[in-house]
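Okay, structure first, notes after.
The values are calculated or read from the model by the stated rules, or taken from the named source; none is laboratory data. Note that the structure is a prediction, hence the values are computed from the model and not measured. Note: ideal-geometry Cβ built from the backbone for every residue, glycine included; neighbour counts use all protein chains shown. Surface areas here come from the heavy atoms of the whole protein model, side chains and all, with no ligands, DNA or RNA. Shrake-Rupley method; radii C 1.70, N 1.55, O 1.52, S 1.80 Å.
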Amino acid sequence: MTGSGALLECKSIHEYSYYFLRDCPRIICKKTDTLSDENNEKFFKHSNADIIITVESSWYPRIMNQVIYRYHFDDTNFERFDATAGYYISYQVTKPLHIDRMEGLIERLFKKGIELRFTPNLYPLREAILTSDFKEFGIHRFNNATKV
């Protein structure tokens, strides 16, 4: 339950973005049909993946051992909150139907065809994205990235 008395749910199509510790800074880039040749060259060169997640190297040990829990709900009382992020919200008390323990999260990414990259610092990638016209990205918890 959030502080506002609302419960958020994320649809499984977006679940991979939560395979990381909550405070882990990461950048997610998605290849779409509308991706320009310039952005394809800049952000997806040498990759066949449609999704690339980049994380700072210092987070690797924590990611390797990360366990998360997926809660399954009856979605009767949920309504769309943010279509882009895949969030749904319920303002009613909602109990999970069941809970799955999820481990081996890096392997789960690989099975989904997602490329995982590690870098000493996320700032160069962030700046490259923000100074381009590339739109299909997510920058998560960047305030926790290593300062340059």
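Charge dipole of the chain (Cα centre as origin; +1 on each Lys and Arg Cβ, -1 on each Asp and Glu Cβ, all else neutral): 440 debye, rounded to the nearest 20.
Amide H contacts under 5 Å for F118: V55, restricted to partners 5 or more places along the chain or on a different chain, H placed in the peptide plane at 1.01 Å from N. Protection proxy ranking of 16-26, 106-116, by the mean of other Cβ atoms within 10 Å over each peptide's residues and highest first, is 16-26, 106-116.
Do the sum for the chain: with -39,500 (n - 2.57) for every DSSP H run of n ≥ 4, divided by all residues, what is the mean residue ellipticity at 222 nm, to the nearest 500 deg cm²/dmol?
Working: 4 runs with 28 residues, N = 148.
The helix contribution divided over the chain gives -4500 deg cm²/dmol.
Compute the orientation-averaged projected area for segment 37-83 from the convex hull of its Cα atoms and round it to one decimal in nm². Mind dumping the intermediate values first?
Details: hull surface 26.0 nm².
Result: a mean projected hull area of 6.5 nm².
Per residue, the convex hull spanned by the alpha carbons of the chain comes to 135 Å³.
The residues of segment 80-148 expose on average 67 square angstrom of accessible surface per residue, using a 1.4 Å probe on protein heavy atoms.
Keeping all protein chains in place and using 1.4 angstrom, which order do H98, H140, H46, H14 fall into by accessible surface area, from largest down? If you can, show how the numbers build up before the last one.
Details: H98 95, H140 55, H46 165, H14 30 Å².
From most accessible down to least: H46, H98, H140, H14.
When the Cα positions of V67, T94, T54 are compared along the charge dipole of the chain, V67 comes out farthest toward the positive end, with charges on each C-beta of Lys, Arg, Asp and Glu. Spin-label pair D33-T146: with each label point 7 Å from Cα along the Cα-Cβ axis, the two points sit 4.0 nm from one another.
With the full set of protein chains in place, find how many percent of the accessible area of the chain is carbon and sulfur; take the probe as 1.4 Å.
Details: 4630 of 9260 Å².
So the carbon and sulfur contribution to the accessible surface is 50 percent.
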